[in-house]
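Data first, discussion second: the structure below is written as structure tokens.
The values are calculated or read from the model by the stated rules, or taken from the named source; none is laboratory data. Model, not experiment: these values are computed from the prediction. Glycine gets a Cβ as well: all are built from the backbone with ideal geometry, and neighbour counts include every protein chain shown. Only protein heavy atoms, including side chains, enter the accessible area calculation; ligands, DNA and RNA are left aside. Shrake-Rupley method; radii C 1.70, N 1.55, O 1.52, S 1.80 Å.
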Amino acid sequence: MSEIVNLRRARKARKRAAKEHEADANRARFGASRLERSITKARSEKDIEQLEGKKLDPDKGLER
């Protein structure tokens, strides 16, 4: 004998599984969270600032 299945519950479970699958795909596609993006941006801005500070001024020439 087969098991009795509530079709409404089965449809809802299938729909939830499809949404979760789509959410996983979107997470992979769009990547990092807002916090991770802001941390990465702050680190890159800091690195750029440090590099700008270490550049030599071509107009001054080398002083010894």
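Consider region 27-48. How many of its residues are surrounded by fewer than 10 Cβ atoms within 10 Å (Cβ to Cβ) and on the phi < 0 side of the Ramachandran plot?
Residues flagged as surrounded by fewer than 10 Cβ atoms within 10 Å (Cβ to Cβ) and on the phi < 0 side of the Ramachandran plot within region 27-48 amount to 5.
Inspection of region 43-57 finds no residue satisfying the criterion of being within 16 Å of the chain's Cα centre (by Cα) and not in a helix (DSSP H, G or I). Residue pairs whose Cβ atoms lie under 7 Å apart, sitting 6 or more positions apart in sequence or on different chains, and linking a residue in region 6-22 that is part of a helix (DSSP H, G or I) and of a type in the set (A, V, I, L, M, F, W, C) to a partner that is at pLDDT 95 or above and surrounded by 10 or more Cβ atoms within 10 Å (Cβ to Cβ), do not occur here.
Against the numbered list (1) open to solvent by 80 Å² or more (accessible area, probe 1.4 Å); (2) modelled with pLDDT of 95 or more; (3) of a type in the set (A, V, I, L, M, F, W, C), A18 comes up short only at (1).
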